[in-house]
1. Can you tell me how much longer the chain between residue 10 and residue 300 gets when fully stretched, taken as 0.36 nm per residue apart minus their C-alpha distance, in nm with one decimal?
2. Looking only at the chain, where both bridge partners belong to it, what percent of the DSSP beta bridges are antiparallel (to the nearest 5)?
3. Taking neighbour Cβ counts within 10 Å as the exposure measure, how do 438, 380, 323, 286 sort from fewest upward?
4. Please compute, for the alpha-carbon atoms of region 385-567, the extent along each of the three principal axes and give them in descending order in Å.
5. Please report the equivalent ellipsoid semi-axes of region 175-278, computed as sqrt(5 x eigenvalue) of the Cα gyration tensor, largest first, in whole Å.
6. Quick check on the exposure proxy: order 315, 511, 74 from fewest to most C-beta atoms within 10 angstrom.
7. Give the relative contact order (percent, whole number) for region 52-142; include only Cα pairs under 8 Å separated by 6+ residues.
8. Over the chain, what relative contact order in percent results from Cα pairs under 8 Å that are six or more residues apart?
């Protein structure tokens, strides 16, 4: 042959067959942290143009947690499974935090890793480096097994497409989540028959709701004086937000977006009453929890709801959580979108005997919202996280997409449609936000047309966990400009606040709870972005932030990443 490729007279590499199967199954991107187990992957990509192979877009990524977070963000935004591939045992170890985020966030990603060569001599791909002995494990998948839906080690190269398809099917099947594959180097290097029959993915239908259960729920809502809906993530499912809005409007049901990870209801909707249930369930004689793992926190919610709890989710019991005690009147296993559509149909519009009650409830919600909006007055004279969030909320363009890792005050935002906002995962694995934003940017870039600006909102501690040098390098190398906003309060806020909440008069409070929470002195965060060819600046007062946002947006529009460090008052 005049041109070298992964496919020659001896057949097609198993590595190429794997990558072709992923692409055929709908995977757009491979976020790769390569190692000595990748030669056949590299050879497949190098030979693909010569043999016409269609493979996922490959991204060189210099850290495993970043690779998983990018695949996570890409899958969130595109709605399709994406993949990250890393190096053997040590690479898998760095994957675990990202896998925990993905499993708790219900995101379909295919996590794969090479595996130390099985043989010491004799096969193409046998051990050739001293590390091939020390890096082998008895059970490489064991370290990540609890953080994935399914894991498998490839045992026969002829099964490579079947294994890839099974991985994609299981990752995408409801409830979605990550899967893990380990791929031995010799098996990826095997040559396979190039005329192998094509395999196809299974079509897995979503959970349809039990119509009788939906009817019982509709009857309970109709009978209730003050039902409340609580959701974290209903907006993730296509059509769910529209059905939720229709129900809330027609029946005047307040909606709490507790620990929101998506736009479930427009944040300024007349029935949107807040983002924390701790003081919003008083008088609730029915609570409907939709796609929400923790509808309230028993130790801090006062008073506790007196009415029945109803739940809707693919897995409403969250069976992968070791302990979760929220006894429900009924838990309905179903797609949140399908269940809300069925519930809207079952409820219909309020009849005359319900109309007075509904309007009384609408007036109560209007009053509750008015009190909340009045309490939301923000002092812009002190440059706090709250003040910075208020300015950001006012000046972000309507097209902006925000990935929030803790610090941005969601309750001050005006997000209206799903896909505008992605919140931090309930697993709390720091180092997610900037990588996820880069994955969202990759999905935006791939979609063509006008690319919406992507913002990563991070605390200074979270920013450090994001391996910022790796993130900024990846942004520059792959043309994925995002705006990083660092809320710099020079402390672990969660650590300090938890300490003071438990020991408000304790010894730790004498030092303002700062022991093991102090992150000063701060480096020049803006300089890290500038070191990677980006725009970086530090802002120390609210009045200077709008112009800084405009400069960052101009930078991103010109294809260059930007970072705004918020030097906050504490």
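1. Here the segment from residue 10 to residue 300 would lengthen by 97.8 nm.
2. So the antiparallel bridges amount to about 5 percent of the total.
3. Neighbour counts put them in this order, fewest first: 323, 380, 286, 438.
4. 57, 36, 34
5. Working from the Cα gyration tensor, I get semi-axes of 44, 18, 12 Å.
6. 511, 315, 74
7. Relative contact order here is 27 percent.
8. For the chain, the relative contact order is 13 percent.
Any read-out appearing in this document is the output of simple, stated calculations on the displayed coordinates, not a laboratory observation. What you are looking at is a predicted structure, and each value in this text was computed from that prediction instead of being measured. Cβ atoms come from the backbone with ideal geometry, glycine included; neighbour counts cover every protein chain shown.
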